[in-house]
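**Q** Sharing a structure with you now.
None of the figures in this text is laboratory data; all of them are computed from the coordinates on show. If you're wondering where the values come from, they're calculated on a predicted model, not measured in any experiment. Positions of Cβ are generated from backbone atoms using ideal geometry, with glycine treated the same way; all protein chains shown enter the neighbour counts.
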Amino acid sequence: MPPPSPIVKGTLDVLLLKALTWTPMHGFEVTQWLEARSRGAVGVRDSALYQALHRMEERGLVASDWGVTPNGQRARYYKITKPGRKWLAAETAHWVRYAGAVTDILTSAHAKS
């Protein structure tokens, strides 16, 4: 299997918020969720992950609380907020439209001039 691709600029926040719609998670769980859903195609650097989570917490898109993992480790758990859900819905609609347009362009037959 090839190594994971880096996250496309501008998609990390959307992907993290999508992960948090399932359940509150700590950072390592978010990384595992993204890797599992992408079948290993998407990799997230820890530093980028935590910078994004802190940035989104400052913007009110996520909230966090300390908790304990199943193996007894203390960890910060993040959950999506109501404003985060609203922002995610708008950004998801934008990305779906954009990705569809790019896919149409890249897969269109070459027109002869």
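**Q** Hey, what D do you get for the chain in µm²/s if you plug the Kirkwood alpha-carbon radius into Stokes-Einstein at 4 °C and 1.567 mPa s?
**A** Calculated translational D: 84 µm²/s.
**Q** Provide the gained length on full extension for the span Ser47 to Val8, in nm with one decimal, where the gain is 0.36 nm per separating residue minus the Cα-Cα distance.
**A** Once the chain is fully extended between Ser47 and Val8, it gains 12.5 nm.
**Q** What distance in nm separates the simple spin-label points at His54 and Arg37, each placed 7 Å from Cα in the Cβ direction?
**A** Spacing of the two 7 Å Cα→Cβ label points: 2.4 nm.
**Q** Compute the length gained on full extension between Ala109 and Phe28: take 0.36 nm times their separation in residues and subtract their Cα-Cα distance, giving the result in nm to one decimal.
**A** Net length gain for the segment: 24.9 nm.
**Q** For the chain, what's the relative contact order in percent, using C-alpha pairs closer than 8 Å and at least 6 residues apart?
**A** Working: 110 pairs, mean separation 31.0, N = 113.
Dividing the mean separation by the residue count of the chain yields 27 percent.
**Q** A further question follows. Around Thr23, under 15 Å between beta carbons, what's the net of Lys plus Arg minus Asp minus Glu among the other residues?
**A** +3
**Q** Taking neighbour counts of Cβ atoms within 10 Å as a proxy for exposure, in what order, fewest first, do Lys82, Lys18, Lys9 appear? Before the final figure, lay out each step's value.
**A** Numbers: Lys82 9, Lys18 18, Lys9 6.
Sorted ascending by nearby Cβ count, the order is Lys9, Lys82, Lys18.
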